[in-house]
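Novice: Take a look at this one; I'll ask things after.
Every number here is computed from the coordinates shown, using simple stated rules; none is lab data. Quick caveat: nothing in here was measured; it's all calculated off a predicted structure. Here Cβ is always computed from backbone atoms with ideal geometry, including for glycine, and neighbour counts include all displayed protein chains.
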Amino acid sequence: MTKLTAVLTNDVDQVQQLVNNEGFCPIECSIGGKSIVDDLMMDHHGDLAHLESVAVRAYRDHFGVRAEDPRFVGVGCADADMCFCICALAGIIPHPNRQVVETLPPPVKASLTRDLSTLAETIGRVDVSPIGLDIPSMEGGEILLTWNAMTASARDSLGMQAGVGLWRSLLEGHPAQLGPFFSAAQVAEENRRQASLADLDEFAVEVDGVLVIRGSRIFGFPEWYGRKENFPADSVKGWKNPVVLAWLERGRNVTIGCPNTEVAEAVFGLGGLGKNVLPGLKPKGWGGREAIGGSPRGEKLTWEQVEKAAQVVATAMLS
């Protein structure tokens with residue numbers, strides 16, 4: 001296989017140069033609510049929010065199509081969905097259609113050609129709507145938690161390449177040897193949960209009734225929403241905080257979310273955040289889906305901008 005090249009950038013001009021002039025394959029290149037794609041359509045944000053996750057479609061429909069030309073560009077955060085997608089398109093993880101040397105020992109050959117479709121689906125579900133999911137009990141959940149714990153979802157090209165390589169290592173490794181890593185990932189997940197609760201205690205403020213985590217240090221939305229078990233999860237009453245803005249300590253960008261699409265559309269109307277809120281936020285360039293979105297890629301926001309965004313969100317709420 002040709003040497004794999006992965007570039008992570010928030011520069012729209014660089015993305016267009018790499019895609020249009022150099023033939024790179026764009027993966028989740030959503031900038032300012034607009035998706036830069038090629039014929040593979042590897043994005044699921046903004047106008048493409050109706051599509052399945054890139055991990056699912058790349059593994060199921062396009063495995064190995066970029067094996068001879070594995071050059072990729074992504075935007076924002078090199079998360080599990082993006083990096084697994086790259087592995088699938090490059091043909092470097094197990095798959096029933098993977099070409100392997102016939103002289104390999106049968107157990108090795110079987111391992112390299114096993115079907116990871118359920119893992120791809122788990123990655124997709126967690127990427128699109130992670131709230132309320134018991135990830136360790138899902139097919140491949142332990143591997144996903146391990147990948148997350150060992151990468152912290154990189155924001156530069158080196159980290160993106162490391163994330164791609166880590167998927168290959170985890171999926172080609174012997175399960176018995178990976179046991180200690182799975183156990184450590186469980187501990188890391190509990191540490192994340194505790195840290196998210198600490199962020200809630202230390203940094204939570206309300207702006208016109210909208211919860212804002214001012215200077216969040218970790219992804220803690222599952223805890224910040226505050227599940228109320230005596231009401232359905234797809235209702236607004238099922239959550240203490242059905243809308244949360246997190247102003248990140250690292251990067252000073254903002255992530256805004258609702259627990260799921262049903263809640264987002266109950267609060268903001270059909271289309272949720274993506275249609276009714278994100279286009280009206282300043283500075284221009286917010287993007288996302290029905291239940292989750294974020295401020296412009298690579299742009300640091302001041303607290304005053306965050307407050308104004310929260311006020312616009314509050315105004316857009318139907319109830």
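Novice: Taking R0 as 30 Å, what FRET efficiency do you get between D69 and K109 from their Cβ-Cβ distance, rounded to the nearest 0.05?
Specialist: 0.70
Novice: What pairs from K275/K308; K34/K282; K228/K308 go past 24 Å between their alpha carbons?
Specialist: Correct reply: K228/K308.
Novice: For the chain, what is the per residue volume of the convex hull drawn over the alpha-carbon atoms, in cubic angstrom?
Specialist: So the per-residue hull volume is 125 Å³.
Novice: Which value in nm describes the separation of the simple spin-label points at D134 and N191, placed 7 Å from the Cα toward the beta carbon?
Specialist: 2.5 nm
Novice: Using the Cβ atoms and a cut-off under 13 Å, what net charge is assigned to the surroundings of V15, where Lys and Arg are +1 and Asp and Glu are -1?
Specialist: Summing Lys and Arg as +1 and Asp and Glu as -1 gives -3.
Novice: How big is the dipole moment of the chain about its Cα centre under a simple scheme where the beta carbon of each Lys and Arg is +1, that of each Asp and Glu is -1, and everything else is neutral? Debye, nearest 20, please.
Specialist: It works out to roughly 280 debye.
Novice: Let a ≥ b ≥ c be the square roots of the eigenvalues of the Cα gyration tensor of the range 1-157; is it rounded (a/c under 1.5), or, if not, prolate (a/b larger than b/c) or oblate?
Specialist: Numbers: a/c = 1.91, a/b = 1.22, b/c = 1.56.
Taking the square roots of the gyration eigenvalues as a ≥ b ≥ c, the range 1-157 is oblate.
Novice: If you don't mind, another one. Given 0.36 nm per residue, what is the gain on full extension from D234 to K300 after removing their alpha carbon distance, in nm?
Specialist: Answer, rounded to one decimal: 20.5 nm.
Novice: Now for a separate question. Amide H neighbours of F72 under 5 Å, counting only residues 5+ apart in sequence or on other chains, H built in-plane at 1.01 Å?
Specialist: T5, A6, V7, C25
Novice: Given a Förster distance of 30 Å, report the FRET efficiency between D39 and D156 from their Cβ-Cβ distance, rounded to the nearest 0.05.
Specialist: Taking R0 as 30 Å, the efficiency between D39 and D156 is 0.65.
Novice: Counting helices only, and only those DSSP H runs with n ≥ 4, report the 222 nm mean residue ellipticity of the chain as the sum of -39,500 (n - 2.57) divided by its residues, in deg cm²/dmol to the nearest 500.
Specialist: Calculated at 222 nm, the ellipticity per residue is -12500 deg cm²/dmol.
Novice: Under a straight-distance cross-link criterion of Cα-Cα below 30 Å, which lysines are reachable from K109, leaving out those fewer than 8 residues away in the same chain?
Specialist: Answer for K109, where 30 Å is the Cα cut-off: K3, listed by chain and number.
Novice: Gain in length, V101 to S183, computed as 0.36 nm per residue apart minus the alpha-carbon separation, to one decimal in nm?
Specialist: Working it through step by step, the gained length comes to 26.2 nm.
Novice: Using the Cα centre of the chain as origin and beta-carbon charges of +1 (Lys, Arg) and -1 (Asp, Glu), tell me which of P106, A88, V187 is placed farthest towards the positive end of the dipole.
Specialist: Farthest along the dipole direction, towards plus: V187.
Novice: Another one. Looking at L51, V15, W303, which one has the Cα that reaches farthest to the positive end of the dipole of the chain (charges on Cβ: Lys, Arg +1; Asp, Glu -1)?
Specialist: Of the candidates, W303 comes out farthest on the positive side.
Novice: In sequence order, what are the phi-derived ³J(HN,Hα) couplings for the range 121-126 according to the Karplus relation 6.51 cos²θ - 1.76 cosθ + 1.60 with θ = phi - 60°, rounded to whole Hz, with x for glycine and proline?
Specialist: With the stated coefficients, the range 121-126 comes to 5, 5, 4, x, 4, 5 Hz.
Novice: While we're here: Mean separation of Cα pairs under 8 Å and 6+ residues apart, divided by the residue count of the chain: what relative contact order is that in percent?
Specialist: Contact order relative to length: 15 percent.
Novice: Find how many whole Å separate the alpha carbon centroid of the range 122-139 from the alpha carbon centroid of the range 182-223.
Specialist: If you average the Cα positions of each part, the centres end up 18 Å apart.
Novice: Show me the GluC sites (Glu not before Pro) within the range 98-168 that DSSP assigns to loop and that have at most 10 other Cβ atoms within 10 Å of their Cβ.
Specialist: E102
Novice: Now, a different point. For a quick check of your reading of the filter: which trypsin sites (Lys or Arg not before Pro) in the range 241-285 sit in a DSSP loop and have no more than 16 other Cβ atoms within 10 Å?
Specialist: R250, R252, K284
Novice: Whole percent per 5 Å bin, from 0 to the bin with the longest distance: what is P(r) over all C-alpha pairs of the range 1-81?
Specialist: Spelled out per bin, shortest first, that is 3, 16, 28, 28, 19, 6, 1.
Novice: Can I ask one more? Could you work out how far apart the two model spin labels at T5 and R125 are, taking each label as a point 7 Å from the Cα in the direction of the beta carbon, and quote it in nm?
Specialist: Distance between label points: 3.8 nm.
Novice: Would you work out the charge dipole size for the range 5-173 about its Cα centre, treating the Cβ of every Lys and Arg as +1 and the Cβ of every Asp and Glu as -1, and quote it to the nearest 20 debye?
Specialist: Working: 11 positive and 23 negative charges, 74 e Å.
Around 360 debye, computed over the range 5-173.
Novice: Hey, another quick one. What is the spin-label model distance, in nm, from Q311 to A176 if the labels are put 7 Å beyond Cα along the C-beta direction?
Specialist: Result: 6.4 nm between the two label points.
Novice: Can you tell me which of A55, A184, A154 moves the most in a GNM of the chain? Springs connect C-alpha atoms under 10 Å apart.
Specialist: A184
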